[in-house]
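Trainee: Take this structure first; my questions come after.
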Amino acid sequence: MQQIDSAEQILKIIYTPNEFGGRLKYFRACGATSQYWDGLWDKKSERLPVRSSDAEHARLPWFLRRLIPKHVQRGGSVLEAGCGMGGFTLAVAALGYQAIGIDFAPRIIERLQLHHPRVDFRIDNATHLQFASDYFDAVYSPGVCEHFEEGPDSVLKEAVRVLKPGGHLFVSAPCFNALRRYMVSLGRFKGDAVGEFYQYAFTQREISARLHNLGVQLLHVRLYGTMKTLNDHAGFKSGFLRGRTANIASASLDLLPITNRWGHCGLWIGEKL
């Protein structure tokens, strides 16, 4: 089973009420700084495709595989605002889209530029994007807005700003799902902060309302990552699962009735009005 570095270990989760049904607030030994992400990507660098030809074999995550072709015309411009190791950007570029991936962690961008010179990777900040307004046909925000203690608005506003009217926004973030809300009702997630703020988990209603206020018509919300919720909170250990078996088990839990409400993350899909 993969070992978790002490900097990645969740030290405390606290429930914080608000008008949207509340949030969960996660604390770790290290916050979500650019230095932290560069260190994490360095440790996972063996998973990074190292030849430009490998981009041809990149695949979209299963929960986006049908949605991107459905909502974004082939050849359209697509931004991944927080690309990390670049998998999504490589995949949409291989599918024929005009793909750009940005991240504020410089070493991973330098590595991607070196190994994939035909794909546009840039150092940039998702809260202050260096693009004109109404620029992209689609924007994917892959687990970024939850890492700002002041809230998700700065990331969401920028994603909407650079999106063309009629363009599509895909926002992924941890979800304060049904199982976690039930745990709150049992008295879990109380106490004082330990370590540094790392991320929030939001209710479906909160992200939906914030996107609506920014002029985005919500089309669909999909939860995914039920396996991680069960690993984190229900004592289920999936480390013995490998490869295709792990992928099938994970996707099945995300699709089954009841467990499909327990996804660790939500994917909010909307259209800019």
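A short reminder: the numbers here are calculations on the coordinates, not readings from a lab. None of the values given here were measured: they were computed from a predicted structure. Neighbour counts are summed over all protein chains in view; Cβ atoms, including those assigned to glycine, are modelled from backbone coordinates with ideal geometry.
Trainee: What percent does the relative contact order of the chain come to when contacts are Cα pairs within less than 8 Å and at least six residues apart?
Mentor: Numbers: 542 pairs, mean separation 57.7, N = 273.
Rounded, it is 21 percent for the chain.
Trainee: Just to be sure I understand: of the beta bridges DSSP finds with both ends in the chain, what percent are antiparallel, rounded to 5? Mind dumping the intermediate values first?
Mentor: Values: 28 of 47 bridges.
Rounded to the nearest five, the antiparallel share is 60 percent.
Trainee: In the structure displayed, which of K25/K228; K157/K272; K43/K228; K44/K190 lie more than 23 Å apart, Cα to Cα?
Mentor: Correct reply: K44/K190.
Trainee: What is the dipole size for the chain, taken about its Cα centre, with +1 at each Lys and Arg Cβ and -1 at each Asp and Glu Cβ, in debye to the nearest 20?
Mentor: Result for the chain is approximately 920 debye, rounded to the nearest 20.
Trainee: If you don't mind, another one. Exposure proxy check: V184, V194 ranked by fewest other beta carbons within 10 Å?
Mentor: Values: V184 16, V194 13.
Least to most surrounded, the residues fall as V194, V184.
Trainee: Excluding T89 itself, what net charge comes from residues whose Cβ is under 12 Å from its Cβ, given Lys and Arg +1 and Asp and Glu -1?
Mentor: Summing Lys and Arg as +1 and Asp and Glu as -1 gives -1.
Trainee: How do the peptides 60-67, 171-178 rank, highest first, by the average count of neighbouring beta carbon atoms within 10 Å per residue? Please list the in-between numbers first.
Mentor: Values: 60-67: 15.9, 171-178: 24.6.
Final packing ranking: 171-178, 60-67.
Trainee: What net charge do the residues around H220 carry, taking every other residue with its C-beta under 12 Å from that of H220, with Lys and Arg at +1 and Asp and Glu at -1?
Mentor: Working: positive: R66, K70, R222; negative: E271.
After counting each charged neighbour, the total is +2.
Trainee: Which of the listed residues, Q73, N177, N213, is farthest toward the dipole's positive end in the chain, when Lys, Arg count +1 and Asp, Glu count -1 at the beta-carbon?
Mentor: In the chain, that residue is N177.
Trainee: Would you mind getting the Kirkwood hydrodynamic radius of the chain from its Cα pairs, rounded to one decimal in Å?
Mentor: On the way: mean 1/r = 0.0519 Å⁻¹.
The answer is 19.3 Å.
Trainee: Taking the beta-carbon count within 10 Å as an exposure proxy, list L40, L114, L79 from fewest neighbours to most.
Mentor: Going from sparsest to densest Cβ surroundings: L114, L40, L79.
Trainee: Please work out the C-alpha center-to-center distance from region 9-28 to region 174-212 and express it in whole Å.
Mentor: Using only Cα atoms, the two centres lie 5 Å from each other.
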